[in-house]
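As structure tokens, the structure follows; a few thoughts come after it.
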Amino acid sequence: MAIVLFTDFGAQDLYVGQVKAVLAARAPRARVIDALHDAPAFDIKASAHLLAALADQYPRGSVFLAVVDPGVGGARDAIIVQTDGRTFVGPDNGLLSVLWARARRRSCRRIVWRPTPLSASFHGRDLFAPVAASFAVRGLPRGWAVRSRAPRVLLDARDRAAVIHIDRYGNAMTGLRGARRARTARLRVGRRVLRFARVFEAAPRGGVFWSVNSLGLVEIAANQASAARRLGMRVGRRVAWID
């Protein structure tokens with residue numbers, strides 16, 4: 001079984017290694033896949049839409065350890081959400097709610113088990129990693145979780161008309177699903193109005209356009225250039241359709 005990691009811990013810091021050490025000890029035979037460790041830091045809304053777009057790229061039966069958790073150690077709860085054959089372990093802060101809202105089959109449980117010791121600031125390692133490892137090995141031990149009707153924090157699961165991720169090339173993914181828009185539509189980013197191009201080479205070198213990426217999301221890109229730099233984009237930048 002695969003354990004898929006989706007976090008804002010950063011690939012160059014020490015936190016991912018600590019989480020993987022727990023998984024190696026508790027689920028040594030599980031495959032650990034790094035989906036993303038540069039999810040938008042502290043940005044639950046953007047990360048929730050990005051996780052929802054990524055999830056079905058991974059096999060059914062996968063267990064996701066999903067942590068973008070600026071409220072760690074505070075009042076937010078810890079949950080397990082199962083949607084369409086995949087399991088997600090993480091905070092009840094809205095991160096798992098877009099997946100939840102769009103799922104055909106779903107269930108939710110609250111994690112009541114607490115390890116000793118439990119740090120105030122690293123539940124990804126101390127709480128979520130042991131729960132994810134248990135799922136991957138033999139299923140959750142009795143008494144670790146209780147049934148819940150739904151996550152308590154439910155974000156708006158409609159398409160998000162904003163940038164949710166910028167990759168190393170400067171391509172800006174939005175929370176808009178591309179299947180819902182005609183290719184004749186234009187996309188406004190600030191004062192710029194962009195037209196559709198199916199592939200990079202369909203635009204002139206340096207030209208900025210919108211396309212539908214491999215996740216099915218509307219993406220703002222430039223041919224052999226950084227669209228983010230050219231348009232001054234960052235995560236959270238709003239966009240709008242012009243029909």
Residue that is farthest from PRO59 (Cα to Cα), among those in the stretch 10-47 that are of a type in the set (A, V, I, L, M) and in contact with an Asp or Glu (Cβ under 9 Å, 6 or more places away or on another chain): ALA41
Can you name every residue in the stretch 18-40 that is charged (D, E, K, R) and either over 12 Å from LEU65 (Cβ atoms) or more than 22 Å from the chain's Cα centre (by Cα) (or both)? ARG26, ARG29, ARG31, ASP38
Got at least one residue in the stretch 171-181 being under 13 Å from ASN213 (Cα atoms), of a type in the set (D, E, K, R) and surrounded by 15 or more Cβ atoms within 10 Å (Cβ to Cβ)? yes
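Name the residue, out of ASP69, ASP13, ASP34, that is part of a loop (DSSP other than H, G, I, E, B), in contact with a strand residue (DSSP E or B) (Cβ under 6 Å, 6 or more places away or on another chain) and farther than 16 Å from PRO130 by Cα.
Numbers: ASP13 fails: in contact with a strand residue (DSSP E or B) (Cβ under 6 Å, 6 or more places away or on another chain); ASP34 fails: part of a loop (DSSP other than H, G, I, E, B).
Only one candidate passes the filter, namely ASP69.
May I ask you to say which residue of LEU155, LEU140 is in the same structural domain as PRO59 (by TED's automatic domain parsing) and either in contact (Cβ under 8 Å) with a residue 24 or more places away in the chain or of a type in the set (Val, Ile, Thr) (or both)? Reasoning before the result, please.
Numbers: LEU155 fails: in the same structural domain as PRO59 (by TED's automatic domain parsing).
Checking each option against the conditions leaves just LEU140.
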So, in the stretch 146-164, exactly how many residues are in contact with a Cys (Cβ under 9 Å, 6 or more places away or on another chain), among the charged types (D, E, K, R) and assigned to a strand (DSSP E or B)? 1
For the stretch 84-103, check the following and say yes or no: at least one residue is under 20 Å from GLY236 (Cβ atoms), in the same structural domain as VAL22 (by TED's automatic domain parsing), part of a helix (DSSP H, G or I) and not aliphatic (A, V, I, L, M). yes
For ARG109, state whether it is closer than 28 Å to GLU219 by Cβ and either surrounded by fewer than 22 Cβ atoms within 10 Å (Cβ to Cβ) or not assigned by TED's automatic domain parsing to the domain that holds ARG237 (or both). no
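Keeping to the stretch 3-15, report how many residues are in contact with a helix residue (DSSP H, G or I) (Cβ under 9 Å, 6 or more places away or on another chain), under 23 Å from ASP167 (Cβ atoms) and either among the aliphatic types (A, V, I, L, M) or in contact (Cβ under 8 Å) with a residue 60 or more places away in the chain (or both).
Keep residues of the stretch 3-15 that are in contact with a helix residue (DSSP H, G or I) (Cβ under 9 Å, 6 or more places away or on another chain), which gives 3-10, 15.
Now narrow it down to the ones that are under 23 Å from ASP167 (Cβ atoms): 4-10, 15.
With either among the aliphatic types (A, V, I, L, M) or in contact (Cβ under 8 Å) with a residue 60 or more places away in the chain (or both) added as a condition, the list becomes 4-9, 15.
Looking only at that region, the number is 7.
Would the stretch 113-123 turn up any residue that is buried (at least 20 other Cβ atoms within 10 Å of the Cβ) and out of contact with any Asp or Glu (no Cβ under 7 Å at 6 or more places or on another chain)? Let's see the steps before the verdict.
If we filter the stretch 113-123 for residues that are buried (at least 20 other Cβ atoms within 10 Å of the Cβ), which is where we start, we get 123.
From the residues that got through so far, the ones that are out of contact with any Asp or Glu (no Cβ under 7 Å at 6 or more places or on another chain) too are none.
No, the stretch 113-123 contains no residue that is buried (at least 20 other Cβ atoms within 10 Å of the Cβ) and out of contact with any Asp or Glu (no Cβ under 7 Å at 6 or more places or on another chain).
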Can you tell me which of ALA75, ALA129, ALA66 is assigned by TED's automatic domain parsing to the domain that holds VAL19, within 24 Å of TYR15 (Cα to Cα) and in contact with a Gly (Cβ under 9 Å, 6 or more places away or on another chain)? ALA66
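Considering only residues that are among the small types (Gly, Ala, Ser), touching a helix residue (DSSP H, G or I) at 6+ places or on another chain (Cβ under 8 Å) and modelled with pLDDT of 95 or more, which ones fall in the stretch 66-118? Spell out the reasoning first.
The first filter runs over the stretch 66-118 and keeps only residues among the small types (Gly, Ala, Ser), leaving 66, 71, 73-75, 78, 85, 90, 94, 97, 101, 103, 107.
Now drop any that are not touching a helix residue (DSSP H, G or I) at 6+ places or on another chain (Cβ under 8 Å), which leaves 66, 73, 78, 90, 94, 97.
The answer is ALA66, ALA78, GLY90, GLY94, SER97.
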Conditions (1) buried (at least 24 other Cβ atoms within 10 Å of the Cβ); (2) touching a residue at least 60 places away in the same chain (Cβ under 8 Å); number of the one not met by SER148: (1)
Would you point out the residue of the stretch 32-52, among those that are closer than 23 Å to VAL22 by Cβ and aliphatic (A, V, I, L, M), that is surrounded by the most Cβ atoms within 10 Å (Cβ to Cβ)? ALA39
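The values are calculated or read from the model by the stated rules, or taken from the named source; none is laboratory data. Computed from a predicted model, the values in this text were never measured in an experiment. A quick note on method: Cβ atoms are made from the backbone with ideal geometry, for glycine too, and the neighbour counts reach across all protein chains shown.
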